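Data block below; observations after.
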């Protein structure tokens, strides 16, 4: 059963497919770590909830909610004093127990 996705499980040639990321940052585990560090630094109080996890073959789909207060601009969200909520989906492809690529889509707001 799928429990948790770790950045250490990424292959060096990992691809993060997201329309929110510049193309030059979508390739490689090191760029992924830079993006994750930027999000952590910008939103230190963030809380991420995995609302649904679905697995089929070599794919894992996560529906998630992230809330936090942006202290610096992050993912196009300006800094502020009020918490924001992002919801999204990540579709991972796994090979040999490691994450090969991810497709991601997210937006501001809560699901009804």
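Annotations
- Cα long-axis angle, helix 29-42 against the chain (0 to 90 degrees, to the nearest 10): 20
- Segment 13-32 and segment 72-112 have Cα centres spaced 13 Å apart.
- Rg/Rg_ref, segment 7-108, where Rg_ref = 2.2 N^0.38 Å and atoms are Cα: 1.08
- Computed extension length for residue 49-residue 34: 3.2 nm, one decimal, from 0.36 nm per residue of separation with the Cα-Cα distance subtracted.
- Taking the helices alone, the chain has a mean residue ellipticity at 222 nm of -4000 deg cm²/dmol, built from -39,500 (n - 2.57) per DSSP H run of at least 4 residues and averaged over all its residues.
- Over the chain, Cα pairs under 8 Å with separation of 6+ residues give a relative contact order of 25 percent.
Where a number appears in this text, it was derived from the coordinates with a stated rule and is not lab data. Model, not experiment: these values are computed from the prediction.
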